Amino acid sequence: FLFGKIASRAKKNEDSCLTEKYLDTLIASLPDLIWFKDARGAHLRVNNSFCEAVGKTKADVQGRGHYYIWDIEPDEYAKGEYVCLESEEIVLREKKNCLFDETVKIKDSMRKFKTYKSPLFGRDGDVLGTIGVARDVTDLQNLQIEMNILFESLPFGVVATDKNQRITAMNGKARELLPGGDAPLLGQDFDALLKAL
């Protein structure tokens, strides 16, 4: 009986170590920023991409809050477009996975992130904290703005569709040429529209 208990405990310890290795390997291999926080907002674990973004080591980040990690003063946060802390409160209150568009100051530049945040539940169902994954989409948003400018400046009508041939966008010239303008046509089948003309 005693040997069985010792073997069981050793197996649980081995499984726990293996699970931790899985987690560490997974988050270290992803380019997105990943973090785990307790319910007070202290960072418990982050990945290498997170450390690179904030310019701090994992040891510097461990147990620290938002203002210290991102080198931002509370007054500056309150006056800016930042929403990170508010989105954490939403996740803790709603107790569900949420997607946010967040603006973050990294060094001397503002970056835009698509951020997934989820509550982390304990065995009793209480929320222990949050888990976050953030992808920097600043360059994609800038590219989208440039593409929209180009799209609108073309002297001929252009219609963009998704893979199912549903209209997702059109430039001003296309809106002039097609009946009904922009709003009623978005989401419609482009082939069916062409046949109707």
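Reported count of residues in region 97-111, each being crowded, with 16+ Cβ neighbours inside 10 Å, of a type in the set (D, E, K, R) and either at pLDDT 90 or above or closer than 19 Å to Thr130 by Cα (or both), is 1.
Matching residues to (1) farther than 18 Å from Lys112 by Cβ; (2) at pLDDT 90 or above; (3) open to solvent by 70 Å² or more (accessible area, probe 1.4 Å):
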site: Phe50; (1), (2), (3): no, yes, no
site: Ala53; (1), (2), (3): no, yes, no
site: Lys58; (1), (2), (3): yes, yes, yes
site: Tyr67; (1), (2), (3): yes, no, yes
site: Pro74; (1), (2), (3): yes, no, no
site: Tyr82; (1), (2), (3): no, no, no
site: Lys95; (1), (2), (3): yes, yes, yes
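Determine, yes or no, whether Ala39 is open to solvent by 30 Å² or more (accessible area, probe 1.4 Å), closer than 20 Å to Gly129 by Cα and of a type in the set (Gly, Ala, Ser). Yes. Is region 72-84 home to any residue that is within 30 Å of Gly125 (Cβ to Cβ) and without any contact (Cβ under 8 Å) to a residue 60 or more places away in the chain? The answer is yes, given that some residue of region 72-84 is within 30 Å of Gly125 (Cβ to Cβ) and without any contact (Cβ under 8 Å) to a residue 60 or more places away in the chain. Of the residues making up region 29-54, those that are over 27 Å from Asp108 (Cβ atoms) and either in contact with a helix residue (DSSP H, G or I) (Cβ under 6 Å, 6 or more places away or on another chain) or not acidic (Asp, Glu) (or both) are Ser29, Phe36, Ala39, Arg40, Leu44, Arg45.
On the stretch given as region 140-151, residues that are at pLDDT 80 or above and exposed (fewer than 12 other Cβ atoms within 10 Å of the Cβ) total 3. Applying the condition of being part of a loop (DSSP other than H, G, I, E, B) and in contact with a strand residue (DSSP E or B) (Cβ under 7 Å, 6 or more places away or on another chain) to region 39-48 and asking which residue is nearest to Phe113 (Cα to Cα) yields Asn47.
Restricting attention to region 123-133, does a residue exist that is touching a strand residue (DSSP E or B) at 6+ places or on another chain (Cβ under 8 Å) and exposed (fewer than 14 other Cβ atoms within 10 Å of the Cβ)?
Checked against the condition, which is being touching a strand residue (DSSP E or B) at 6+ places or on another chain (Cβ under 8 Å) and exposed (fewer than 14 other Cβ atoms within 10 Å of the Cβ), region 123-133 yields no hits at all.
For (1) in contact (Cβ under 8 Å) with a residue 12 or more places away in the chain; (2) touching a helix residue (DSSP H, G or I) at 6+ places or on another chain (Cβ under 9 Å), each residue gets a yes or a no:
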| site | (1), (2) |
| --- | --- |
| Gln62 | yes, no |
| Glu88 | yes, yes |
| Lys95 | yes, no |
| Ile106 | yes, yes |
| Phe113 | yes, yes |
| Gly122 | no, no |
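If the condition is being modelled with pLDDT under 90 and aromatic (Phe, Trp, Tyr), then region 1-42 contributes Phe1, Phe3. Suppose the filter is assigned to a helix (DSSP H, G or I) and closer than 22 Å to Leu23 by Cβ; does Glu52 pass it? Against the criterion (assigned to a helix (DSSP H, G or I) and closer than 22 Å to Leu23 by Cβ), Glu52 qualifies. Here Phe36 passes the criteria (1) in a strand (DSSP E or B); (2) within 19 Å of Lys112 (Cα to Cα) except the one numbered (2). Residues to consider are Leu154, Leu185; find the one that is at pLDDT below 90 and open to solvent by less than 40 Å² (accessible area, probe 1.4 Å). Going through Leu154, Leu185 in turn, the sole match is Leu185.
The values are calculated or read from the model by the stated rules, or taken from the named source; none is laboratory data. Keep in mind the model is a prediction, meaning the values are calculated, not measured. Cβ coordinates were reconstructed from backbone atoms using ideal geometry, including for glycine residues, and neighbour counts include every protein chain displayed. The protein model used for the area step is the full one, side chains on, heavy atoms only, and it has no ligands, DNA or RNA in it. Shrake-Rupley method; radii C 1.70, N 1.55, O 1.52, S 1.80 Å.
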